[in-house]
Amino acid sequence: MGLRMKKILSYLRSMRFGILLLVLIALLSVAGSVIPQERELAWYVENYPGAHPTIFFLQLYRVFQSWYFLLLLGLLCVNLTLCSLLRGRSLLGSRERLLSACAGMKNSVPLSGEGLIRLEQHLKSKGCRSAEFGRTRVYYKHLPGAWGSFVTHLSILLTVIVGAMALTLPQVTDMDCLPGESVTLKDPNGGTARFTVSDFRTNDAGGRLDFASRLTVTLPDGRSRLGEISVNHPLSFGPYKVYQQSYGTAGSVTVTNLQNQGSDSFALTDLSFLSMDNQSGVWFVALYPDYLINANGEILPVNTGDPAYPHPVYHVQTVNGEEREDRLLFPGDTVEIGALRFRFDEPLRYPGLRIKVTPSWIEPLLIACFALMIAGLYLLFFLPPVLVRLDDEGYAVGGPKPEGMRLELMDLLNMDKGEAHS
Amino acid sequence: MNLLFFVVFGAYFLAVIAQFSATAFKKEKLARIAWWLFLAAFALHSLFLVLRGVIARRLPLSNQFEFACAFAWGIALLLIVLRDKTKADWLSAAAMPAALLVLTYAALQPREITELMPALRSAWFGIHIGSAVFSYSAFVLAGCAGLRYIRGGKTADPDDRKQRQTDYLIYRLVGFGFLFLTVVILSGAIWAEQAWSAFWTWDPKETWALITWIIYAVYLHLRLRRKMDPAVLAWYVIIAVPVVLFTFAGVNTLLPGLHSYG
């Protein structure tokens, strides 16, 4: 390997480079959190009249997908890989290596015989074990703590990689589905998966507290699973995960053919014309959650945004030949036009489903990375290795993180400041 | 409940006044009174949180008021533990007012008990938000210890044992807070996947939790550099505290997103 390559590798794995990358990622994250992301470009022109050219040039409207942010993440992965390799290599045979390195430390803090006895008793009371190296004795504990830094860095690297897969590989589809109806989705392995909502309920009038759907997922091979989904409780089956994402309210009308008394019910979500001959019938315009009555006694429908729809009002337009009339109707009202009777019912609630297709191995793997990171940090901060060498001359504190033990022993032995520590 | 909250607030206030006077006039007895007042305030504070939890029939961590109360309680708890473990009596002078300030913020928030919204009804609720309480508290206490280091550095030799102990205490507090902040972020990611279908959405609260995490990760790395002056690191943890507070309160107020629960 050439000298230049060595220098480059050395810089890429250096702490200085890692810190630089972290600072740049943090700064870009600040920008990405302050400037709303992924809006229409016109929104930025309107809201950042002076700064929008800079925002567009630097892609600050989509910071987290910009090439330079992804490049920084890539470089961070390189830094973490090299760091992990370096740390991992130094940990091979770490127990013996740590003990012999501690035993071989040159400088000792001088200590009298009485002090050494006190120190030894203290270390034993702390649960330290000992190993003999000739006339030197090494007291030690928490040696697995030496792996903390390696495990932490490796787990961060794995989390970034697997996390990126978890964000990019799944295919997500949002669908509304009325109770009693089904939606279908092309299966990644061919065929069609079906999602049938049999029931939707809200725990309170407005659905603020909770809302849930009962649904059946049917895979292309015919296998099916019935389950209930609510917020925080998705249903997993095959490669699919179905989330209770939102809910909506639709109008409901029962249309009866007065000639043969046959009837059918329809959900009304969008502007639609209910007719048998396309000439006469009812245009459904809108459903309002509430209304006001003005000083003249007129009813004014209002869109309060109240999800409970406390006083629903239908806005329809009846069409009878050339005659057209705008009308406001309440649940229970009926309208007869030609041979059809329209009875407007209480509004229906329906769920908004989010269907995610994801490789089954991603989530367990990512959660394993998370667990590894917590374990690494626990080793790093809560189990720092303790290595203390004792001989006739005095003692020395070794290991990768000797600071805590040095201070503890200084306190124990009540030493003066400026003590020389190895 | 409101009365009990203001009794708690008043008790902390008296403890802070007594501690301030004890520090200003160097009165040991007054410092002891301040500490006992603080312990009494903490006991009442714990009672308040338990009662609120019993009445609400959930952990009292669901909005800014409840989180701020728990945050102040976390600061107080860590201070009590630290004083017991490390005999760091000096920490009280900065940590007591910090707990009071957070509680003052709580007092300015709406205090009514509300039902949990659907997104918060999860087994992760306690782990995610409880970890945030301990993480933020540890960072605030690290900042308080940083103040002590800076103050001590003016009069004492920077290599002396007390300064080294303070520096090490800052490191331990940051390490503790960092571990818990990692739990916050990772448990939040698992929860977000269950609630919103994605582990990470770059929501402002998530982003600022990551920014805070990076800030303390940089501290932990800088501390490994032998040339770094501990006084600079002490300043670093002091300056980092406003970032923690922004992540806690500022983001919800100024950068609305999926975490804007009130």
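β-branched (V, I, T) and farther than 28 Å from B:A107 by Cα: is that true of B:I190 in this structure? It is true that B:I190 is β-branched (V, I, T) and farther than 28 Å from B:A107 by Cα. Could you please let me know if A:I374 is out of contact with any strand residue (DSSP E or B) (no Cβ under 7 Å at 6 or more places or on another chain) and surrounded by 16 or more Cβ atoms within 10 Å (Cβ to Cβ)? Yes, satisfied.
Can you find, within region B:194-204, the residue that is nearest to the chain's Cα centre (by Cα) among those that are facing chain A (nearest Cβ under 7 Å) and assigned to a helix (DSSP H, G or I)? Write out each step before concluding.
Of the residues in region B:194-204, the ones facing chain A (nearest Cβ under 7 Å) are B:194-195, B:197-200, B:202, B:204.
This time we only want the ones that are assigned to a helix (DSSP H, G or I), so: B:194-195, B:204.
Numbers: B:Q194: 28, B:A195: 27, B:P204: 20 Å.
Restricting to residues being facing chain A (nearest Cβ under 7 Å) and assigned to a helix (DSSP H, G or I), the top hit is B:P204.
Pairs meeting the criteria (first residue in region A:370-383 and more than 9 Å from every other protein chain (Cβ to nearest Cβ) and closer than 16 Å to B:W213 by Cα, second residue part of a helix (DSSP H, G or I) and among the β-branched types (V, I, T), beta carbons under 6 Å, at least 6 apart or on different chains) are A:G376/A:V151; A:G376/A:T152. Per the conditions (1) within 14 Å of chain B (Cβ to nearest Cβ); (2) more than 30 Å from A:L328 (Cα to Cα), the sole criterion not satisfied by A:Y247 is (2). Regarding region B:226-234, can at least one residue be identified that is facing chain A (nearest Cβ under 7 Å) and in a helix (DSSP H, G or I)? Scanning region B:226-234, I find no residue that is facing chain A (nearest Cβ under 7 Å) and in a helix (DSSP H, G or I), so the answer is no.
In the list A:V217, A:V162, A:V242, A:V231, which residue meets the criterion of being under 26 Å from B:I190 (Cα atoms), away from chain B (no Cβ under 14 Å) and buried (at least 18 other Cβ atoms within 10 Å of the Cβ)?
Numbers: A:V162 fails: away from chain B (no Cβ under 14 Å); A:V242 fails: away from chain B (no Cβ under 14 Å); A:V231 fails: away from chain B (no Cβ under 14 Å).
A:V217 is the lone residue from the list that is under 26 Å from B:I190 (Cα atoms), away from chain B (no Cβ under 14 Å) and buried (at least 18 other Cβ atoms within 10 Å of the Cβ).
When the helices (runs of 4 or more DSSP H) confined to region A:1-90 are screened for residues that are under 30 Å from the mean Cα position of the chain (by Cα), those reaching at least 3 such residues are found at A:15-34, A:41-47, A:52-57. Count of region A:377-399 residues, restricted to those that are within 43 Å of the chain's Cα centre (by Cα) and surrounded by fewer than 18 Cβ atoms within 10 Å (Cβ to Cβ), is 3. If you take the residues of region B:50-65 that are part of a helix (DSSP H, G or I) and without any contact (Cβ under 8 Å) to a residue 40 or more places away in the chain, which of them is farthest from B:F248 (Cα to Cα)? By that ranking, first place goes to B:V54.
Would you be able to say whether some residue in region B:136-147 is more than 15 Å from the chain's Cα centre (by Cα) and outside the structural domain of B:A41 (by TED's automatic domain parsing)? Spell out the reasoning first.
Initially, region B:136-147 is screened for residues more than 15 Å from the chain's Cα centre (by Cα), giving B:147.
Narrowing the set further to residues that are outside the structural domain of B:A41 (by TED's automatic domain parsing) leaves B:147.
Yes; the residues of region B:136-147 include at least one that is more than 15 Å from the chain's Cα centre (by Cα) and outside the structural domain of B:A41 (by TED's automatic domain parsing).
Restricting attention to region B:197-235, the residues that are touching a residue at least 60 places away in the same chain (Cβ under 8 Å), buried (at least 22 other Cβ atoms within 10 Å of the Cβ) and either closer than 18 Å to A:I35 by Cβ or among the aromatic types (F, W, Y) (or both) add up to 1. Kindly indicate which of B:A249, B:A240 is away from every other protein chain (no Cβ under 11 Å), assigned to a helix (DSSP H, G or I), in contact (Cβ under 8 Å) with a residue 12 or more places away in the chain and surrounded by fewer than 19 Cβ atoms within 10 Å (Cβ to Cβ). Of B:A249, B:A240, the one residue that is away from every other protein chain (no Cβ under 11 Å), assigned to a helix (DSSP H, G or I), in contact (Cβ under 8 Å) with a residue 12 or more places away in the chain and surrounded by fewer than 19 Cβ atoms within 10 Å (Cβ to Cβ) is B:A249.
Checking the structure you have, find out if any residue of region A:321-330 is within 14 Å of chain B (Cβ to nearest Cβ), of a type in the set (A, V, I, L, M, F, W, C) and assigned to a strand (DSSP E or B). Looking for residues that are within 14 Å of chain B (Cβ to nearest Cβ), of a type in the set (A, V, I, L, M, F, W, C) and assigned to a strand (DSSP E or B), one finds none in region A:321-330, hence no. Among the residues making up region A:248-277, those that are loosely packed, with under 11 Cβ neighbours inside 10 Å and farther than 20 Å from A:D326 by Cβ are A:Q259, A:N260, A:Q261, A:G262, A:D264, A:D277. Scanning region B:167-192 for residues that are more than 7 Å from chain A (Cβ to nearest Cβ), free of Cβ contacts under 8 Å to residues at least 40 places away in the same chain and of a type outside the set (A, V, I, L, M, F, W, C) yields one hit, B:R172. Restricting region A:384-422 to residues that are more than 11 Å from every other protein chain (Cβ to nearest Cβ) and in a helix (DSSP H, G or I), the residue that is modelled with the highest pLDDT is A:L409.
The values are calculated or read from the model by the stated rules, or taken from the named source; none is laboratory data. In this text, all values refer to a predicted model and were calculated from it rather than measured experimentally. Using ideal geometry, Cβ is built from the backbone for each residue, glycine included, and neighbour counts are taken over all protein chains shown.
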